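Enquirer: Please see the structure below; I have some questions.
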Amino acid sequence: MDKRGEMNKTFFDKKAQITLFVILAILIVTGIVLYFFLRSPVQENVPKQFQQAYNQYLNCISENAQQGIALLGEQGGYINKPEFIPGSQYRPFSSQLDFLGQGVPYWMYVAGNNIVKEQVPTRSSMEKELANYISERVNYCDFSELNKQGFDLLINEEPIVSVSITESKVNINLRNNVALYFENDSAIVKNHQVSVDSKLGKFYNLALKVYNYEKKNVFLEKYALDVMRLYAPVDGSEISCKPKIFNEEQIKQNLTDALSANIGALKLNGDYYSLASKQKEYFVTDIGTNINENVNFIYGSRMPTRITIYGDKVVQPIGLQQGMGILGFCYVPYHLVYDINFPVLIQFYDEKELFQFPVSVIIERNKERQGFEGDAGVNIETDVCKYKTQNVKVYTYDSQLSPVEANLKFKCLTTECLIGESKINGGDAIYEGMFPQCVNGFIIASKEGYADSKYQISTNEESSANVVLSKKYKLKLDMGSLESAFITFDSDSYQTTVLYPDMKEVELIEGYYNVSVYGYKSSSLKLPAYTDKKCIEVPKSSLLGIFGGKEEKCFDLNIPEQNIDNAIIAGGKTQEYITENQLKTGNDIKINVPIFKTPSNLNELQQNYIEAEDSVAYITI
């Protein structure tokens, strides 16, 4: 075999191997370069003559970013707000709070089906929305001033934008071809970076901490409960011989005014304020983070608010009734229960930026809502209301059988469920939807200007209901010579009470009424302090008590002196059927009752009360 051939073959084999290694090395190096090049876009050096023109492009990106950042702050972390879901009369919260004409999405609110809903944005969702906002506006940058100077700036492709939100900055990376021309020179820049000073990330983190603390610890509800017990009647009694009327509208006004003032005084533990006195520490909440930015808590009486008051709004005194003279005094006990829902707008801000979000505060039956964790919606309805399984059609009419739109509730035993609203459709006011199963429940229809109407229904058997609402009419009261009077109108379907002269009109519907009138006069009557020993028989505490054995127990009764500011001096009762035609055509209602001797002691006061029960009142419309 030719040795030269073998040597040549060996030489070429080695040369091929070297060439292969060189190619592989080049590919590897190229791959590494491409990897790092593509991994993080690097802004190319811009020729000096184009730097001013290019800065105009960066400024446009920065301005668009600042506009998007402002929108995120003003709209609770959203540029494109979630779908708007309206509220109702019974659940006034829509999915957005109207604040100074701008809709701000609630981070937590009560939907119409009594589900506590959350719509809290994430940092990544804000970054994505801001990137889209910038991307959509890049091609609309105004470079007319550059053109006047002889520059041309052309954007040749849609940008790819990424955004990173940090505690103190918002960083924007943008990739697209920007061609710059001036006379015979040109340059192309592909990668662009802009950094905007902003506390968006910091404010968002603080907002999230406050929100999570409120969600779990319900600190806003606890403050609201304190306000309720300080500024509204809840439980108690008053020493008085005059019936007590709770003016529902006045109570609501007092509550909203007090909530507005007290919510506005709230602070978070931090160094952004100084307290005027040690007592102000009551308004400071420690959420586990020292706050070094300005914080506002805002509630105003014009914000959507629901206050429902349960319990007797008219309370008769105890002590005047026949046989009660042994007490030696009069008192009025009362107990009211409240549902209170209202929004609070929480703001973090400095002289340049703002981040705000609203939450709804929920008090049900004098108790704060239950704190919860996690993202799932929480149902605040009772178990009866949670399970709506029966489809029912409800038609609502007035007394002339014309359709009337109305709000609907459903009552089963002691539980009330919010249902919805009937709407006029094809000549009928109708609601069709799901109800809980209940035997002998009540559909309750209500509309402003009409008396509430109840319709009894067993939803496990019936699937439709016709509810008639009676229109209310106002009449002026003429009480003759009485300076003060307490009048009640009571029918099977409607009741109302008037405290004259504080109220000089009465609203009535057609119906058969039991009317009671008590006239009062300013009095200087004093009931002296009273001390006595009372003894009663009680079952013996020993075994003999089981077999009827009794023993006498005595106790001391000490009643302090009391002033009777208003004494009953007139009164009477009657029964009257009042027609709708009388109410339509009448302007006033005249009420006359017998007038008695002004009492000088408790026995005479009690006697006047008994005479008022037995006397006749006369009514003219």
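Enquirer: State all residues of segment 435-470 that are of a type in the set (K, R) and either crowded, with 18+ Cβ neighbours inside 10 Å or without any contact (Cβ under 8 Å) to a residue 24 or more places away in the chain (or both); if no residue qualifies, say none.
Expert: Hit for segment 435-470 is K447, nothing else.
Enquirer: Here is a further query. When you look at V384, is it surrounded by 17 or more Cβ atoms within 10 Å (Cβ to Cβ), modelled with pLDDT under 80 and either closer than 30 Å to E580 by Cβ or touching a Ser or Thr at 6+ places or on another chain (Cβ under 6 Å) (or both), yes or no?
Expert: Here the answer is yes, as V384 does meet what is asked.
Enquirer: Please indicate, with yes or no, whether at least one residue in segment 119-133 is of a type in the set (A, V, I, L, M, F, W, C) and either part of a strand (DSSP E or B) or surrounded by fewer than 18 Cβ atoms within 10 Å (Cβ to Cβ) (or both).
Expert: no
Enquirer: Just to be sure before I move on: is V194 outside any helix (DSSP H, G or I), touching a helix residue (DSSP H, G or I) at 6+ places or on another chain (Cβ under 8 Å) and either surrounded by 17 or more Cβ atoms within 10 Å (Cβ to Cβ) or not charged (D, E, K, R) (or both) in the structure I sent?
Expert: Considered against the rule, which asks whether it is outside any helix (DSSP H, G or I), touching a helix residue (DSSP H, G or I) at 6+ places or on another chain (Cβ under 8 Å) and either surrounded by 17 or more Cβ atoms within 10 Å (Cβ to Cβ) or not charged (D, E, K, R) (or both), V194 comes out as yes.
Enquirer: Something else now. Out of (1) free of Cβ contacts under 8 Å to residues at least 40 places away in the same chain; (2) surrounded by 14 or more Cβ atoms within 10 Å (Cβ to Cβ), the odd one out for A276 is which?
Expert: It fails just one condition, (2).
Enquirer: Give the residue, chosen from Q606, Q582, that is touching a residue at least 24 places away in the same chain (Cβ under 8 Å), within 20 Å of Y494 (Cα to Cα) and surrounded by 13 or more Cβ atoms within 10 Å (Cβ to Cβ).
Expert: Q582
Enquirer: So, of the residues in segment 42-81 that are in a loop (DSSP other than H, G, I, E, B) and modelled with pLDDT under 85, which turns out to be farthest from the chain's Cα centre (by Cα)?
Expert: The extreme case among them is P47.
Quick grid of which residues meet (1) surrounded by 12 or more Cβ atoms within 10 Å (Cβ to Cβ); (2) at pLDDT below 70; (3) more than 30 Å from E448 (Cβ to Cβ); (4) of a type outside the set (A, V, I, L, M):
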position	(1), (2), (3), (4)
K540	yes, yes, yes, yes
I595	yes, no, yes, no
N601	yes, no, yes, yes
Y618	yes, no, yes, yes
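Enquirer: Filter segment 47-87 for residues that are free of Cβ contacts under 8 Å to residues at least 40 places away in the same chain and out of contact with any Ser or Thr (no Cβ under 8 Å at 6 or more places or on another chain) and give the result.
Expert: Within segment 47-87, K48, Q51, Q52, N55, N59, E63, Q75, K81 meet the criteria.
Enquirer: Listed residues D286, D339, D312; which is at pLDDT below 85 and farther than 24 Å from Q75 by Cα?
Expert: D312
Enquirer: Taking into account only those residues within segment 288-312 that are within 24 Å of V361 (Cβ to Cβ) and of a type in the set (D, E, K, R), which is surrounded by the fewest Cβ atoms within 10 Å (Cβ to Cβ)?
Expert: Restricting to residues being within 24 Å of V361 (Cβ to Cβ) and of a type in the set (D, E, K, R), the top hit is R302.
Enquirer: Test I160 against the criterion of being more than 15 Å from Q56 (Cα to Cα), under 47 Å from the mean Cα position of the chain (by Cα) and surrounded by 18 or more Cβ atoms within 10 Å (Cβ to Cβ), and give yes or no.
Expert: no
Rundown of residues vs (1) in the same structural domain as P159 (by TED's automatic domain parsing); (2) surrounded by 20 or more Cβ atoms within 10 Å (Cβ to Cβ); (3) not in a helix (DSSP H, G or I), yes/no style:
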| site | (1), (2), (3) |
| --- | --- |
| Y181 | yes, no, yes |
| I188 | yes, no, yes |
| A207 | no, yes, no |
| Y211 | no, no, no |
| D226 | no, no, no |
| C241 | no, yes, yes |
| I251 | no, no, no |
| S260 | no, no, no |
| Y272 | no, no, yes |
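Enquirer: Mind telling me which of the residues I559, I578 ends up being in the same structural domain as I610 (by TED's automatic domain parsing), within 47 Å of the chain's Cα centre (by Cα) and at pLDDT below 85?
Expert: Only one candidate passes the filter, namely I559.
Enquirer: Shifting gears a bit: State the number of residues belonging to segment 95-116 that are modelled with pLDDT under 85 and closer than 21 Å to L72 by Cβ.
Expert: 0
Enquirer: For R137, all conditions in the list (1) loosely packed, with under 15 Cβ neighbours inside 10 Å; (2) closer than 22 Å to Q52 by Cβ; (3) charged (D, E, K, R) hold save one; what is the number of the exception?
Expert: (1)
Enquirer: Also, I was wondering about something else. Which one of the conditions (1) of a type outside the set (S, T, Y); (2) at pLDDT below 90; (3) within 16 Å of V315 (Cα to Cα) does F489 fail to meet, given that it meets all the rest?
Expert: Exception for F489: condition (2).
Enquirer: Same structure again: Sort out for me the strands (runs of 3 or more DSSP E) sitting completely within segment 430-532 that have 2 or more residues that are aliphatic (A, V, I, L, M) and closer than 30 Å to K597 by Cβ.
Expert: 484-490, 495-500, 511-527
The values are calculated or read from the model by the stated rules, or taken from the named source; none is laboratory data. Bear in mind that the values here come from a model prediction, so they are computed numbers and not experimental data. Note: ideal-geometry Cβ built from the backbone for every residue, glycine included; neighbour counts use all protein chains shown.
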